[in-house]
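Read the structure below first, then the notes.
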Amino acid sequence: MSDDAMTVLRLEGLRKSYNVGQPNEIEVLHGIDVVIGRSDFAALVGPSGSGKSTLLNLLGLLDQPSSGELYLLGQATSAMDDAARTALRGSSIGFVFQFHHLIQAFTALDNVLMPLMLSRGKPDKLAVQQARELLAAVGLEKFANRKPNELSGGQQQRVAIARALITEPALLLADEPTGNLDTRTAAEVFELFHKVNRERDCAVLLVTHDPRLSAACDRTINLVDGRIESDTLNQPASQQK
Amino acid sequence: MTGVFGRLWTEWTIAISFLREGRAQSLMIAIGVAVGVAVIVFVTALIQGLQVNIIERTLGTQAHIRLLSPDEINQVLPPAAGTMQLLLEDKRAQRLRSINNWQQVSATLDQLSLLTAVSPVVSGPAFARRGEALQSVVLVGIDPVRYQKIIPLDDYMQSGQLRVGANDAVIGSLLADDLGVQVGNKLRLDTGQQNSAVVNIAGIFELGVRELDARYVYLDLKQAQALLNLPGGITVIDLTVADIFAAEDIAAQVGRLTSLQAESWIKTNAQLMNALTAQSLSTNMIIVFVAISVAFGIASVLSVSVVQRTREIGILRATGATRQQILRIFLIQGAVFGLLGSVLGSAASYLLVWVFNTFGPGLFFIPIPASLLLMAMLLATLTGILAAAVPSRRAAALDPVVAIRYV
Ligand SMILES: Nc1ncnc2c1ncn2[C@@H]1O[C@H](COP(=O)(O)OP(=O)(O)OP(=O)(O)O)[C@@H](O)[C@H]1O
Ligand SMILES: [Mg+2]
């Protein structure tokens, strides 16, 4: 089966073991087969310890599977070296973590620009303009020059989302992006993801423990003990709005 | 921005903001480096100043190279084939004799660009007599214009003036004391050659070297030649060179060229050179050990910083930083520690030297050449990069997944 233009990510028998070759070797993912489409807005759910973060790190090319293959935009990734994986990650994947991982030494604007700075060097006017627009899109145009510790948790998470979007990635991965926020802020951030998915032609896969949020996604992938137990399309409640 | 520089811009920016964020830490290690660099620069400048001073003083009163007639040796016929030779040889006494063909040799030497001055001299032993007082002296017949370029006698005149010829002589201050003479007095000079002359003391010099001040009597070439019974001859050709530390090589070269015996100041002052070498060695030891401790200081601060920034390294990796970029970010920090520290340290050492030159014992002046400061900065920066190598590699090797989870 070959990937068409509508597929962002395809996993074939993806397995992951920790402590390979040691007495405490443990397989966490036991063969995952999933296809994520261009415009998917999917939730990855499952009990704690089921392997959600592990899977997300593999999808984001931060980690390497023990076996199986991962096709990102049609390219097989298992044989790539670190530089190639980093380049692919930089150009096509955006990350958002639970603990709004920003670099404290930089302003919100510079944090948003970071992926571009790392791949292209000094950002040009256009890039800065783009970053400001993204900050505006997440409602933070007035906070561009604040350092992360001068922002609230929700604001920091929005900066992280803006940063994940600056490279115009095909896939946005978020590991419990709202886990650290109060219910209202969580809902706002979640809505932001939804907006991104609709408006920016960007597939979103987010890990969440909140059943209300996962129900609001178009698709729910349920991971239990390292296996996909169910993969269902939800009633497109959001589209009815 | 293009190319490598454009790439490095990002690493530089991140490194600098990391340093600025850990301002107190950065400042402390920079001061640590500064102290090290200040010590290195000050000690180096001090020892260099001292050595230059000593060498200048030594060379102020002697030629860099002296050319002498080769020693006279016994010619021994080689033994016939198949026979054995038992040899009982008395070394020949070396009489005072002139350098063969010296005008031509001197003219040839004048052409050599390696040499800055050539001065033929005739010198030999004599007695100086005044009344009952008798002193053994060295007669030195000179061409004052040429000789001045070897030893600037004019600078050392204590009284009278530098004037030889027409029965005028210039003598050392200790000799003048011993004989109780002053400028204008007369002095009888006796050589073993049944020659003697009465000369007029035109000037008295003080070179500050006991041996010379107590024994040297400068005459005009002609008069000395007559007294020493070497009409038209000279015994020594004094030379100076531009690069004093090349004197040994140049001496060998000139020796081969002229078939004369060439002695460089380095050989005649072997003791001094030994002492200076030992001194340089101990300075180098100090430099090496200070540099090592500076390197360890930088390495340990950066090691701590890598641990502190584990999470940020993970974030950078997740947002597209390669291992090489992480490596460079920390190498740059090491380089900046070295550079910043050496700039501060150079300024401090400049101040130290200024204090020493202005308020110190005033025995000699310490110059700080710009090249020394430049070298120190370059060395400190390189040391910083080298010291950063181990922590940087550790930062680059961090597993991004582990780093991100790190709290
Ligand atoms: N570095 C590691 N070494 C060994 N085991 C690990 C490692 N990382 C994770 N695991 C194990 O893998 C399993 C899956 O962990 P993972 O972090 O993916 O779970 P999760 O689904 O994200 O859980 P949570 O909802 O609590 O975040 C767990 O049993 C965990 O103990
Ligand atoms: Mg998790």
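A straight chain from B:D177 to B:A389 at 0.36 nm per residue would run longer than the Cα-Cα distance by 69.5 nm.
Its relative contact order, with pairs defined as Cα atoms under 8 Å and 6+ residues apart, puts region B:142-217 at 39 percent.
Antiparallel beta bridges, as assigned by DSSP with both residues in region A:3-239, represent about 55 percent of the total such bridges.
Extension gain for B:Q271 to B:A347 (0.36 nm times residue separation, less C-alpha to C-alpha distance): 23.8 nm.
Put simply, the Cα atoms of region A:1-85 extend 43, 31, 23 Å along their principal axes, the longest span coming first. Any idea what angle helix B:3-21 forms with the longest principal axis of chain B, computed on alpha-carbon atoms, 0 to 90 degrees, nearest 10? Tilt relative to chain B: about 80 degrees. The HN-Hα couplings worked out from phi for region A:27-38 by the Karplus form 6.51 cos²θ - 1.76 cosθ + 1.60 (θ = phi - 60°) are 8, 9, 10, 10, x, 10, 10, 9, 10, 10, x, 3 Hz, whole numbers, x standing for Gly and Pro. Each residue was assigned an accessible area with a 1.4 Å probe, and for A:L88 the value is about 20 Å². Computed over protein heavy atoms with a 1.4 Å probe, the carbon and sulfur contribution to the accessible area of chain B reaches 61%. What are the residues of region A:79-108 that lose 30 Å² or more of accessible area, with a 1.4 Å probe, going from their chain alone to all protein chains? In region A:79-108, residues shielded by partner chains: A:D82, A:T86, A:R89, A:F97, A:H101, A:I103, A:Q104, A:A105, A:F106. Normalising the average separation of contacting C-alpha pairs (under 8 angstrom, six or more residues apart) by the number of residues puts the relative contact order of region A:82-187 at 45 percent. Distances between placed amide hydrogens fall under 5 Å for A:L9 paired with A:I36, A:L73, all partners being 5 or more residues away or on another chain.
Accessible surface of B:I204, taken over heavy atoms with a 1.4 Å probe and every protein chain present, rounds to 10 Å².
Per-residue Karplus couplings for region B:374-386, computed as 6.51 cos²θ - 1.76 cosθ + 1.60 with θ equal to phi - 60°, are listed in order as 4, 4, 4, 5, 4, 5, 5, 5, 4, 4, x, 5, 4 Hz, Gly and Pro entered as x. In this simple spin-label model, placing a label point 7 Å from the Cα along the Cα-to-Cβ direction at both B:K222 and B:N195 gives a separation of 1.3 nm. Using protein chains only (no ligands, no nucleic acids) and a 1.4 Å probe, work out which residues of region A:138-173 have their accessible area cut by at least 10 Å² relative to the chain alone. The answer is A:R163 - residues whose exposure falls by at least 10 Å² when every protein chain is included.
The listed residues B:D178, B:D220, once ranked by accessible area (1.4 Å probe) with the largest placed first, stand as B:D178, B:D220. Within the full protein context, the accessible area of B:W12 is estimated at about 130 Å² for a probe radius of 1.4 Å.
Couplings 3J(HN,Hα) of region B:202-215, computed from phi: 8, x, 10, 10, 9, 8, x, 10, 3, 4, 7, 5, 8, 10 Hz, in residue order, whole Hz [Karplus 6.51 cos²θ - 1.76 cosθ + 1.60, θ = phi - 60°; x for Gly and Pro]. Hey, for a label at A:E25 modelled as a point 7 Å past Cα toward Cβ, could you say which residues of region A:40-65 have their backbone N under 16 Å away? From region A:40-65, the list is A:65.
Residues B:L8, A:L173, B:L88, ordered by accessible area of protein heavy atoms at a 1.4 angstrom probe radius and largest first, appear as B:L88, B:L8, A:L173. Between B:V304 and A:E133, the modelled label-to-label distance comes to 4.6 nm, taking each label 7 Å out from Cα in the direction of the beta carbon. Pairing chains B and A buries close to 2400 square angstrom of accessible surface in total, based on protein heavy atoms and a 1.4 angstrom probe. Surface analysis of region B:102-259 yields an accessible area of 46 Å² per residue, using protein heavy atoms and a 1.4 Å probe. Relative to the longest principal axis of the Cα atoms of chain B, the long axis of helix B:23-60 makes an angle of roughly 10 degrees.
If you run the Gaussian network model on chain B, springs between alpha carbon atoms under 10 Å, then out of B:G49, B:G22, B:G345 the most flexible one is B:G22. Rounded to the nearest 0.05, the FRET efficiency derived from the C-beta distance between B:D71 and B:V145 at R0 = 25 Å is 0.25. Contact residues in region B:293-322 (at least 20 Å² less accessible area with all protein chains than alone, 1.4 Å probe): B:R311, B:E312, B:I315, B:L316, B:R317, B:A318, B:T319, B:G320, B:T322.
Modelling each spin label as a point 7 Å along the Cα-to-Cβ direction, I'd like the B:L378/B:R405 distance in nm, to one decimal. Computed distance between label sites B:L378 and B:R405 equals 4.8 nm.
Cβ-Cβ distance of A:R15 and A:R38, R₀ of 30 Å, FRET efficiency by 1/(1 + (r/R0)^6): the value works out to about 0.70. Residue by residue along A:53-62, Cβ atoms of other protein chains within 10 Å of the local Cβ number 3 on average. Only the Cβ atoms of Lys and Arg (+1) and of Asp and Glu (-1) were treated as charged; on that basis the dipole of chain B about its Cα centre amounts to roughly 1660 debye.
Relative to the longest principal axis of the Cα atoms of chain A, the long axis of helix A:183-199 lies at roughly 80 degrees. Counting only protein chain heavy atoms and rolling a 1.4 Å probe, the accessible areas of B:D71, B:D168, A:D231 rank, largest first, as B:D71, A:D231, B:D168.
A 1.4 Å probe run over region A:3-239, with the rest of the protein chains in place, finds 42 Å² accessible per residue.
Contact order for region B:102-259, expressed relative to its length and based on alpha carbon pairs under 8 Å spaced 6+ residues apart, stands at 32 percent. For A:T77, neighbours were defined as the other residues whose beta-carbon sits under 9 Å from its Cβ, and their charges (Lys and Arg +1, Asp and Glu -1) total 0.
The values are calculated or read from the model by the stated rules, or taken from the named source; none is laboratory data. Note that the structure is a prediction, hence the values are computed from the model and not measured. When we count neighbours, we look across all protein chains shown, and the Cβ atoms used for this are built from the backbone with ideal geometry, even at glycine. Surface accessibility is based on the protein's heavy atoms, side chains included, excluding ligands, DNA and RNA. Shrake-Rupley method; radii C 1.70, N 1.55, O 1.52, S 1.80 Å.
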